[in-house]
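Heads up, the thing below is written out as C-alpha cells.
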Amino acid sequence: MLFPFIEIIDVCLGIYAYFIIGQFVVSWLIYFNIINTHQPLVNTVVEFLYKITAPFYARVRRFMPDLGNVDLAPLACLLIIHFARLLLWNTIAPLLGVQ
C-alpha cells in the first residue's frame, strides 16, 4: 500500500538531482561565455534552475567552510540526495513492509 508513495518520493529526489546537475552545467556554460544569458529562453531556464536549487544550496552552505571561489554545495546536495534515497529504500521501506 505504501509502495507508490515511496516510489514517488524516490522519483522526486531523482528529478531534483537532475535539476542540480543542470544548474551546475548551465553555470559553467555561463562562466565560460558559451551561452548568452541575454537570450529570453536561456534566461528563463537559468532563472528557473536558480530558483529551484538556491534554497537547498543556502541550507547546505551554512554548514560548509568558505573555500573562496570553489562552490561545493552542488556536490554536497547530490550526496545528500543519494544518501536520502539509500535511506529511503534500505531503512524506511523495509520498516514499512515494502519490498
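The table below lists the values:
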| item | result |
| --- | --- |
| Cα-based shape type of segment 1-43, given that a ≥ b ≥ c are square roots of the gyration tensor eigenvalues and the cut on a/c is 1.5 | prolate |
| Cα-centre dipole for the chain with unit charges at Cβ (Lys and Arg positive, Asp and Glu negative), debye to 20 | 160 |
| Separation of alpha-carbon centers, segment 1-37 and segment 49-99, rounded to whole Å | 12 |
| Carbon and sulfur %, accessible surface of the chain computed with the full protein complex present, 1.4 Å | 70 |
| For the chain, convex hull volume per residue from C-alpha positions, Å³ | 113 |
| Per DSSP, loop trypsin sites (Lys or Arg not before Pro) in segment 1-62 with at most 14 further Cβ within 10 Å | ARG62 |
| Å² of accessible area per residue within segment 15-99, as computed with a 1.4 Å probe and no ligands counted | 75 |
| With Cα atoms, 0 to 90° folded angle of helix 3-31 axis to the chain main axis | 20 |
| Mean separation of Cα contacts under 8 Å, 6 or more apart, over the residue count of the chain: relative contact order % | 40 |
| Low-density loop cleavage sites - chymotrypsin sites (Phe, Trp or Tyr not before Pro) in segment 8-54, where at most 15 other Cβ are within 10 Å (DSSP) | PHE32 |
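The values are calculated or read from the model by the stated rules, or taken from the named source; none is laboratory data. Since we're looking at a predicted model, the values are computed, not measured. Neighbour counts are summed over all protein chains in view; Cβ atoms, including those assigned to glycine, are modelled from backbone coordinates with ideal geometry. We work out accessible area using only protein heavy atoms, side chains counted, and drop any ligands, DNA or RNA first. Shrake-Rupley method; radii C 1.70, N 1.55, O 1.52, S 1.80 Å.
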